[in-house]
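The values are calculated or read from the model by the stated rules, or taken from the named source; none is laboratory data. Please read these numbers as outputs of a predicted model, since none were measured by experiment. Here the Cβ positions follow ideal geometry from the backbone for every residue, glycine too, while neighbour counts run over all protein chains shown.
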Amino acid sequence: MDACRVCGNTQNNQRHVFQEKYFGLGDEFEYIECSVCRSLSIVDLPDNMERYYPETYYSYTVRTYNRLYGYLKGKRDLYYLGQPGIVGYFLSRILPAPPYIEWLQNLSLPFGASILEVGSGGGALVVNLQGAGFLATGIDPYIRKSLTFPNGARVLKQSLEETSGSYDCIMLHHCLEHMAAPRDAFGHFSRLLKPGGKLLVRVPLAGSHAWLTYGRNWFQLDAPRHFVIFSEEGLCRLAAEQGYETSKIVYDSTASQFWASEQYVRDITLASERSHAVHPEKSIFSVEQIAEYSRQAALLNARHAGDQASYYFHKVA
């Protein structure tokens, strides 16, 4: 497929060859860089995607659910979301707000709203959303089996195409880039969202400082799992064409754009025992270096040049 998977352009696209680097398999894949929207698209889909999603893939970890811990986290989260309570108040003094609190605050969803997380993996976020007072369901076609947690959260082993129902909000946390046909995906979002429903899409960004600096060693290329790496222009244009309005954009890149890419430059995979992601104490980076990378990431986010962002959309047509 020589056409951009985001905007459909076929003219004057630049070709790249990227390697699978997460596990160090070394398999090579051809991508095109769109001359119009600057998004990156894989040319041919691998026939054996299961090879690139082994059971050790990070998002498939299913954490043991502890009822007491789950209850306490829920109280803390409800407090952060504006619900008074003495237990939540004291817990908020010792436990910082997790990232999903900001996502929920930006979405302004009422308690009890139904949320579908697409590409939920082992369901860590789904469990937390349920505990925070929402009706949360996850879907992921690559997990081993469907799961139901003690607090009522569910993760279903199924694809977006197989999913039915009606939801107040759909979330995709670094998932849309794993879909070969993003335009079709937006059609399914519209099918599943209630009128006025909200859509949160978090993705890595082509055109970012990290892509321009590291090129084929930028860790968020993640070939071949990432079929598409959107540019901001490409994603926002696609959403608008599908009847969505952009409510807010939050640039949320982290130090990983530096240390993970620097590892790839040195042929250290993300799954390696030497990786900062696996054993920080065995990695090539000092605590001071990681702190500096975090500082640089914050500066890039302020300049809208970080390598990932959160896009808040709502359906208007």
Which of the residues belonging to the range 70-124 are part of a helix (DSSP H, G or I) and among the hydroxyl-bearing types (Ser, Thr, Tyr)? TYR71, TYR79, TYR80, TYR89, SER92, TYR100
Would you call TYR65 at pLDDT below 95, surrounded by 14 or more Cβ atoms within 10 Å (Cβ to Cβ), part of a loop (DSSP other than H, G, I, E, B) and aromatic (Phe, Trp, Tyr)? yes
Mind listing whichever residues of the range 118-133 are under 22 Å from GLN83 (Cβ atoms) and touching a helix residue (DSSP H, G or I) at 6+ places or on another chain (Cβ under 8 Å)? LEU125, VAL127, ASN128, LEU129, GLY131, ALA132, GLY133
Given the criteria under 30 Å from ALA185 (Cβ atoms), out of contact with any His (no Cβ under 9 Å at 6 or more places or on another chain) and not β-branched (Val, Ile, Thr), does GLY24 qualify? yes
Which ones in the range 42-62 are in contact with an Asp or Glu (Cβ under 8 Å, 6 or more places away or on another chain) and either without any contact (Cβ under 8 Å) to a residue 60 or more places away in the chain or loosely packed, with under 13 Cβ neighbours inside 10 Å (or both)? VAL43, ASP44
